[in-house]
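K.L.:
Provided herewith is a single structure, encoded as structure tokens, for subsequent inquiry.
The values are calculated or read from the model by the stated rules, or taken from the named source; none is laboratory data. Model, not experiment: these values are computed from the prediction. For neighbour counting, all protein chains shown are included, and Cβ atoms are generated from backbone atoms with ideal geometry for every residue, glycine included.
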Amino acid sequence: MVQPVRPDDLSGAQRRLGKKGLVAFLTILSAFIPLSTDLYLPALPGMTQYFGVPEYQTNLTLILFFVFYAVSLLLWGPLSDRYGRRPILLVGLCGYTAAGALCAFSWNIFFLMFFRVLQAVGAGAATAVATAIVKDVYRGRRREAILAMIQSMTVISPAVAPMIGALILNLTSWRGTFWAQAFLGLVVVLLTVAFTETLALKNTGSPFASLRRLGVVLAHPTFARLLAIFAPVSLSGMAFISSSSYIYQEDFGVSSQGFSFFFALFAVGLAIGPLVYIRLSRSWRRTSIVTGCLAVIALSGLLVLLVGGRGPWAFILTILPSGLALSCMRPPTTYLLLDQHESDAGSTSALMGATHMVMGSIGMVIVSLQLGDRVTVLGALTLAVGLLSGGLWLRVGKRLARRPAVR
């Protein structure tokens, strides 16, 4: 008996959202994390003064968010393979919305840290399920194109979020940034109600058996090695996110509105990256594009070290190439990792997201330790991860990427 050929695009099954609505829904889910962090970046220095605490304690509201967000991915991903994408989204997003409102009511920094942890756990459902839905619905070249499209639109949020955050600060206090996040959560809950389940075949067994699938996915040697090569680049990206407001507002003396402008320029580079990849992929192999991106990241770090500290414009123009290269290599690297497993999309997505977030949190901790001038530390970190990932990629990764995926 001949097996029917699965089409490359199953988005037509979304009766309420439709094809374009599904892409928009996935974009919002993927943008949840930058909207949950970048929206209140302009408020960080003011929050430090409001609570009367050291800078590192205010930064912990950001760092703890990423740490527990990464841990929650390892929970939500396998459970979505067991119970379905829609139920997991509803539970996680309802928790996120409630926690956002509690953040707005925080009366000291420690309660804010606790409520941010709860918010992070809920947000993890959005990211883990979004990538899994892409794997459920799209295949082959279509999947890679959708990944690039979603990531390109997603990174617009880091450009818009600080501007919205700065506007909120002009109208109200830092608490308004968390009310905005709670409202965002409520909107996405309503979209989830309209979403049609995409998981065709659910895993069986207990929830603990579903969690053990993480080990099965990670045991795949090619997947594990590629993940180890690509994950370190998140160190520099997250380090920039956590330190940028301090670099511009304290080191360079730029206003919160000015900071949002420079941060938006960096976000434009992030938005262009996936589009650059789509263009380059017509003539170049994805392995060659990844090689070039890692080289650009290393070069950008070197330029930040040499001239980035001369002023706000010198800093953004030297760090911008690393952001563009980082986003340019995301579609091919995500495709290569997803392609290693035919099933367990939730677990695969969870491991990818958690590893990147853990590495990113390490980068945020490094720049928060005040080891030296912030610009110098960030430049050294960017150069180091470019050389490390680039060296591993040239020695091992390119050869692994050319192998056919083992099913």
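K.L.:
Hey, does segment 238-252 have a residue that's of a type outside the set (F, W, Y) and either out of contact with any helix residue (DSSP H, G or I) (no Cβ under 9 Å at 6 or more places or on another chain) or surrounded by fewer than 17 Cβ atoms within 10 Å (Cβ to Cβ) (or both)?
P.N.:
Among the residues of segment 238-252, at least one is of a type outside the set (F, W, Y) and either out of contact with any helix residue (DSSP H, G or I) (no Cβ under 9 Å at 6 or more places or on another chain) or surrounded by fewer than 17 Cβ atoms within 10 Å (Cβ to Cβ) (or both), which makes the answer yes.
K.L.:
Now for a different question. When you go through (1) farther than 30 Å from Q340 by Cα; (2) under 22 Å from the mean Cα position of the chain (by Cα) one by one for G46, which number turns out not to apply?
P.N.:
Result: G46 passes all but (2).
Okay, residues lined up against (1) part of a loop (DSSP other than H, G, I, E, B); (2) more than 20 Å from the chain's Cα centre (by Cα); (3) under 23 Å from S361 (Cα atoms):
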site	(1), (2), (3)
Y96	no, no, yes
F114	no, yes, yes
L118	no, no, yes
A148	no, no, no
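K.L.:
If a residue must be on the phi > 0 side of the Ramachandran plot and touching a helix residue (DSSP H, G or I) at 6+ places or on another chain (Cβ under 6 Å), how many such residues does segment 286-318 contain?
P.N.:
0
K.L.:
Taking into account only those residues within segment 12-26 that are modelled with pLDDT of 65 or more, in a helix (DSSP H, G or I) and under 14 Å from Y138 (Cα atoms), which is farthest from the chain's Cα centre (by Cα)?
P.N.:
A13
K.L.:
Look at L294 and say whether it is crowded, with 23+ Cβ neighbours inside 10 Å, farther than 21 Å from V160 by Cα and aliphatic (A, V, I, L, M). So that I can check it myself, show each step before the final result.
P.N.:
Values: crowded, with 23+ Cβ neighbours inside 10 Å: yes; farther than 21 Å from V160 by Cα: yes; aliphatic (A, V, I, L, M): yes.
It is true that L294 is crowded, with 23+ Cβ neighbours inside 10 Å, farther than 21 Å from V160 by Cα and aliphatic (A, V, I, L, M).
K.L.:
When segment 41-66 is examined, which residues are found to be free of Cβ contacts under 8 Å to residues at least 40 places away in the same chain and touching a helix residue (DSSP H, G or I) at 6+ places or on another chain (Cβ under 7 Å)?
P.N.:
Selection gives T48 alone.
K.L.:
Okay, moving on. Which ones in segment 66-102 are among the hydrophobic types (A, V, I, L, M, F, W, C) and modelled with pLDDT under 90? I'd like the intermediate steps shown before the answer.
P.N.:
Initially, segment 66-102 is screened for residues among the hydrophobic types (A, V, I, L, M, F, W, C), giving 66-68, 70-71, 73-76, 79, 88-91, 93-94, 98-99, 101-102.
Once the filter is applied, which keeps residues that are among the hydrophobic types (A, V, I, L, M, F, W, C) and modelled with pLDDT under 90, segment 66-102 yields F66, V67, F68, A70, V71, L73, L74, L75, W76, L79.
K.L.:
What number of residues in segment 145-171 are at pLDDT below 75, out of contact with any Ser or Thr (no Cβ under 7 Å at 6 or more places or on another chain) and over 15 Å from Y277 (Cα atoms)?
P.N.:
Of the residues in that region, 6 qualify.
K.L.:
Can you name the condition, by its number, that L201 falls short on among (1) surrounded by 13 or more Cβ atoms within 10 Å (Cβ to Cβ); (2) at pLDDT below 75; (3) in a loop (DSSP other than H, G, I, E, B)?
P.N.:
For L201, the exception is condition (1).
K.L.:
Please indicate, with yes or no, whether at least one residue in segment 215-225 is over 24 Å from R330 (Cβ atoms), assigned to a loop (DSSP other than H, G, I, E, B) and at pLDDT below 85.
P.N.:
Start the filter on segment 215-225 by keeping residues that are over 24 Å from R330 (Cβ atoms), which leaves 215-216, 219.
With the extra rule that they be assigned to a loop (DSSP other than H, G, I, E, B), the set shrinks to 219.
With at pLDDT below 85 added as a condition, the list becomes 219.
Looking for residues that are over 24 Å from R330 (Cβ atoms), assigned to a loop (DSSP other than H, G, I, E, B) and at pLDDT below 85, one finds at least one in segment 215-225, hence yes.
K.L.:
Here is a list: C103, C94. Which entry is crowded, with 21+ Cβ neighbours inside 10 Å and in contact (Cβ under 8 Å) with a residue 12 or more places away in the chain?
P.N.:
C103
K.L.:
Any idea which residue in segment 285-307 is farthest from S245 (Cα to Cα), counting only those that are at pLDDT 90 or above and of a type outside the set (A, V, I, L, M)?
P.N.:
Among residues in segment 285-307 that are at pLDDT 90 or above and of a type outside the set (A, V, I, L, M), the one farthest from S245 (Cα to Cα) is S288.
K.L.:
Name every residue in segment 300-323 that is surrounded by fewer than 17 Cβ atoms within 10 Å (Cβ to Cβ) and assigned to a helix (DSSP H, G or I), in order of residue number.
P.N.:
L306, V307, R310, W313, L317 - these are the residues of segment 300-323 that are surrounded by fewer than 17 Cβ atoms within 10 Å (Cβ to Cβ) and assigned to a helix (DSSP H, G or I).
K.L.:
Of all residues in segment 324-381, which are outside any helix (DSSP H, G or I) and surrounded by fewer than 24 Cβ atoms within 10 Å (Cβ to Cβ)? Break it down stepwise before answering.
P.N.:
We begin by selecting, within segment 324-381, every residue outside any helix (DSSP H, G or I); these are 329, 339-344, 369-373.
Result: D339, Q340, H341, E342, S343, D344, L369, Q370, L371, G372, D373.
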